[in-house]
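The values are calculated or read from the model by the stated rules, or taken from the named source; none is laboratory data. These numbers were taken from a predicted model, which means no experiment stands behind them. Virtual Cβ from ideal backbone geometry, glycine too; neighbours counted across all protein chains shown. Just the protein is used for accessible areas: all its heavy atoms, side chains included, with ligands, DNA and RNA removed. Shrake-Rupley method; radii C 1.70, N 1.55, O 1.52, S 1.80 Å.
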Amino acid sequence: MDSDDNSSGNTGSDLGQRYRHAGDLSGEPPTRPFAEISITVPWGHISGKWYGPQNVQPILGLHGWQDNAGTFDRLMPLLSPEVAFLSIDLPGHGLSSRLPDGCYYNSVDNLYVIRLIMKQYKWEKVSLVGHSMSSIICFVFAAVFPDKVDMIIGIDALKPHQRPYPSVIRTMETRLDEFLREDERNRSKNEPPSYTYDELIERVYIGTFHSVNKEHCKHLMARNIGKSEKYPDKYFFCRDRRLKFYNYAIGSQELCVEMANRITCPYLFIKAAQSSYFEDKKYYDEVLDVLVKKPNFEYLEVNGSHHVHMNDPEAIIGPVNNFIQRFGPAAAAALRQKAKEAKESKL
């Protein structure tokens, strides 16, 4: 792992001049100081923003589909200062390496990414905060590896979504064809279409279906764009265009229920009241009914859109800080140490 304590500046790459946070474009400081880090993986690197102390295990923050580590920029200043938080760019997003040419993106592969990061830092267990696609990944990870998770905080997407089977088949057909097209475009090495700053903000705003307030779109945009080498004062999107055709299929509703039954860690789920369920609500309710019976599961519904953690972080920070204080890495480590001492005292 390489760490750079300078929280502003640009990162060199074959995609032109890059940006770490919104202030790199405006001259403003980051919302909270961070260290830009790079974690070596077999296909390149995972980039991330490490907030808070670096001598303690951080919470691992994971963003939604086509977003990036900037998704938590507005939440970070409200977090307790002693809490460490590592917000990463998933493969193909932000400043992280793309998958090699010809490789297809599958959402479940992000379980492997989490395990790689755990191995890199020698974490026996991990604490996860995920939004949208990554909230689902947290759910799946906690079910597959129940003994490797200290806690989960999920924001506005609970579980793998269910679609009618004919729709699933049609989606597989069209997405594979579109993936082939974008994979060929990537190999051409031609600069993508470029836009002015204001045009980029508008495209991000529309791309989130107006879920992110326009004044906050800059936090998602910064790590996803590069400076055009053809046109002064223009930029282009650097995230891997193949991401648009991610494979989300993880399994049936029966599998989701079984996953919910396997989760044992403390779990806070936050639902934005003005956001969709992304599937027939009966599937969501069935899994939620399993989770609410667990002793350490907590449910919070707040007013807001799908990106409520960006638009109104004050609405969720109280319960988030409280949950982390009780179940986060520091609390979990203290509990394990206490159990170890109790065991040793009996010997």
### Query
Projected onto the charge dipole of the stretch 34-178 (+1 at Lys/Arg Cβ, -1 at Asp/Glu Cβ, origin at the Cα centre), which of Leu116, Phe145, Tyr165 gives the Cα projection farthest towards the positive end?
Phe145
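Can you pull out the trypsin sites (Lys or Arg not before Pro) in the stretch 139-223 whose DSSP state is coil and whose Cβ has at most 15 other Cβ atoms within 10 Å? Write down the numbers at each step before the final one.
On the way: sites: Lys148, Arg170, Arg175, Arg181, Arg185, Arg187, Lys189, Arg203, Lys214, Lys218, Arg223; in loops: Lys189.
For trypsin sites (Lys or Arg not before Pro) across the stretch 139-223 that sit outside H, G, I, E and B with at most 15 neighbouring Cβ atoms in 10 Å, the list reads Lys189.
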### Task
Compare Ala260, Ala334, Ala69 in a GNM of the chain, Cα atoms joined below 10 Å, and give the one with the largest fluctuation.
Ala334
### Summary
Once amide hydrogens are built 1.01 Å from N within the peptide plane, the residues lying 5 or more places from Asn106 or on another chain with amide H under 5 Å from its amide H are Asn247
### Task
Would you mind telling me which residue in Ile169, Ile263, Ile59 has the biggest mean-square fluctuation in a Gaussian network model of the chain, where springs connect alpha carbons within a distance under 10 angstrom?
Ile169
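For n ≥ 4 DSSP H runs only, could you compute -39500 (n - 2.57) per run for the chain, divide by its residues and tell me the 222 nm figure to the nearest 500?
Numbers: 11 runs with 124 residues, N = 347.
Helix contribution divided over all residues of the chain: -11000 deg cm²/dmol.
Could you size up the charge dipole of the stretch 266-347 around its Cα centre, putting +1 on the beta carbon of Lys and Arg and -1 on that of Asp and Glu, and report it in debye to the nearest 20? Mind showing how you got there, number by number?
Numbers: 11 positive and 11 negative charges, 132 e Å.
Using Cβ point charges on Lys, Arg, Asp and Glu, the stretch 266-347 gives about 640 debye.
Report the net charge of residues surrounding Glu199, where surrounding means a beta-carbon distance below 12 angstrom and charges are Lys +1, Arg +1, Asp -1, Glu -1.
On the way: positive: Arg203, Lys234; negative: Asp198, Glu202, Asp233.
Residues close to Glu199 contribute a combined charge of -1.
Under the classification rounded if a/c is under 1.5, otherwise prolate if a/b is larger than b/c and oblate if not, where does the stretch 99-181 fall, given a ≥ b ≥ c as square roots of the Cα gyration tensor eigenvalues?
On the way: a/c = 2.93, a/b = 1.58, b/c = 1.85.
Judged from the Cα gyration tensor, the stretch 99-181 comes out oblate (a/c at least 1.5, b/c at or above a/b).
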### For the stretch 154-159, Karplus couplings with θ = phi - 60° (6.51, -1.76, 1.60), whole Hz, Gly/Pro x
x, 10, 6, 8, 8, 8
### Summary
The answer for the net charge of residues other than Ala332 whose Cβ lies under 14 angstrom from its Cβ, with Lys and Arg +1 and Asp and Glu -1, is +3
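Which FRET efficiency value, to the nearest 0.05, is calculated for Tyr104 and Asn321 with the Förster distance at 30 angstrom and r the Cβ-Cβ distance?
The calculated FRET efficiency here is 0.20.
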### Query
Which lysines does Lys230 reach when only Cα atoms under 16 Å apart count, and residues fewer than 8 places away in its own chain are ignored?
Lys189
### Task
Determine the relative contact order of the chain: mean sequence separation of Cα pairs under 8 Å and six or more apart, normalised by residue count, in whole percent.
20 percent
### Query
Per-residue HN-Hα couplings for the stretch 261-267, Karplus 6.51 cos²θ - 1.76 cosθ + 1.60 at θ = phi - 60°, whole Hz, x for Gly and Pro?
5, 7, 6, 10, 7, x, 8
#### Entry: Radius 13 Å from Cβ of Gln162, net charge of other residues (Lys, Arg +1; Asp, Glu -1)
-1
### Task
Pull up all non-local amide H partners of Leu62: gap of 5 or more, or a different chain, and H-to-H distance under 5 Å with H placed in the peptide plane.
Val129, Gly130, His131
### Task
Step through the table entries Lys218/Lys282; Lys281/Lys338; Lys49/Lys159; Lys49/Lys343; Lys271/Lys338, compare each Cα-Cα distance with 31 Å, and write down the pairs that go over it.
Lys218/Lys282; Lys281/Lys338; Lys49/Lys343; Lys271/Lys338
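Kindly report the accessible area of the stretch 81-150 per residue (heavy atoms of protein chains, probe 1.4 Å, no ligands, DNA or RNA), in Å². Before the final figure, lay out the partial values.
Working: 2260 Å² over 70 residues.
About 32 Å² of surface per residue is accessible.
Is the shape of the stretch 254-347 best called rounded, prolate or oblate, per the rule: a/c under 1.5 gives rounded, else a/b larger than b/c gives prolate, else oblate, with a ≥ b ≥ c the square roots of the Cα gyration tensor eigenvalues?
Details: a/c = 3.91, a/b = 1.56, b/c = 2.51.
Since a/c reaches 1.5 but b/c is at least a/b, the shape of the stretch 254-347 is classed as oblate.
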### Query
Cα to Cα, under 30 Å, and not fewer than 8 places away if on the same chain: which lysines meet these conditions relative to Lys340?
Lys119, Lys122, Lys125, Lys148, Lys293, Lys294
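Quick one: grab the alpha carbon gyration tensor of the stretch 151-194, order the square roots of its eigenvalues as a ≥ b ≥ c, and give me rounded if a/c is under 1.5, else prolate or oblate depending on whether a/b is larger than b/c.
oblate
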### Separation of the Lys343 and Tyr197 label points, Cα + 7 Å toward Cβ, nm
5.6 nm
### Query
If you find the alpha carbon centre of the stretch 130-154 and of the stretch 213-259, how far apart are they in angstrom?
20 Å
### Message
If you wrap a convex hull around the alpha carbons of the chain, what volume per residue comes out, as a whole number of Å³?
### Response
137 Å³
### Message
Of all beta bridges DSSP finds with both residues in the chain, what is the antiparallel percent, to the nearest 5?
### Response
45 percent
### Summary
Phi angles of the stretch 119-128, converted by Karplus (6.51 cos²θ - 1.76 cosθ + 1.60, θ = phi - 60°) into ³J(HN,Hα) in whole Hz with x for Gly and Pro, give 5, 4, 9, 6, 8, 6, 9, 9, 10, 10
### Message
Compute the distance from the alpha-carbon center of the stretch 305-344 to that of the stretch 32-110, in whole Å.
### Response
19 Å
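Rounded to the nearest percent, how much of the accessible area of the chain (1.4 Å probe, protein heavy atoms only) is carbon and sulfur?
On the way: 8430 of 15980 Å².
Carbon and sulfur: 53 percent of the exposed surface of the chain.
Would you mind working out the accessible area per residue for the stretch 200-254, using a 1.4 Å probe, and quoting it in Å²? Each step should come with its number before you reach the end.
Working: 2600 Å² over 55 residues.
Averaged over the residues of the stretch 200-254, the accessible area is 47 Å².
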